[in-house]
Amino acid sequence: MNKKVSLLSVILFISMLSCTIFTACDKDTNCYLDVLVVDETSRAPIPNAKITISQNGGSVHDEGVTNAEGIYQTHFSAPAVVNINAVLDMENAGERRGSNAVRLVEGEVKTVTIPMPAEIFY
């Protein structure tokens, strides 16, 4: 009887250990980022703003353009502190600019809002 109990205990222990190991492998280690660009005054979303995301060293990690809802979504494979710049080209009238920064965390979605002032830069 003791051999059966011991064998059952070993099998149960191995089963629990393997479940722990295999579920840990499924952990999402990506860092997700949603950038929302809005007008500073009206808070209306700004589509077609060019987004540039870089780390403190200045190397570009990602670039894209906001969709019709003023959102750009991306993800990174490791945590980091990133700077986010948004530029809206006003054709021949100059451009509007806004920026923000965020710390990306493993397995989390960070939403960053960039209010864009009405001021136009030439």
DSSP loop (so not H, G, I, E, B), at most 12 other Cβ within 10 Å: list which GluC sites (Glu not before Pro) in the range 47-122 pass both filters. 69, 119
Each residue of the range 30-39 in turn: what ³J(HN,Hα) in whole Hz from Karplus with 6.51, -1.76, 1.60 and θ = phi - 60°, glycine and Pro shown as x? 6, 10, 9, 9, 10, 10, 10, 9, 10, 5
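Summing +1 for each Lys or Arg and -1 for each Asp or Glu, what net charge is found among the other residues whose Cβ lies under 11 Å from the Cβ of residue 32?
Around residue 32, the surrounding residues sum to -3.
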The range 25-98, accessible surface, carbon-and-sulfur percent (1.4 angstrom probe): 47 percent
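What number comes out for accessible area per residue over the range 37-122 if the probe is 1.4 Å? Units Å², please.
Values: 5050 Å² over 86 residues.
Result: 59 Å² per residue.
The values are calculated or read from the model by the stated rules, or taken from the named source; none is laboratory data. None of the values given here were measured: they were computed from a predicted structure. Using ideal geometry, Cβ is built from the backbone for each residue, glycine included, and neighbour counts are taken over all protein chains shown. All accessible areas refer to the heavy atoms of the entire protein, side chains included, with ligands and DNA or RNA removed. Shrake-Rupley method; radii C 1.70, N 1.55, O 1.52, S 1.80 Å.
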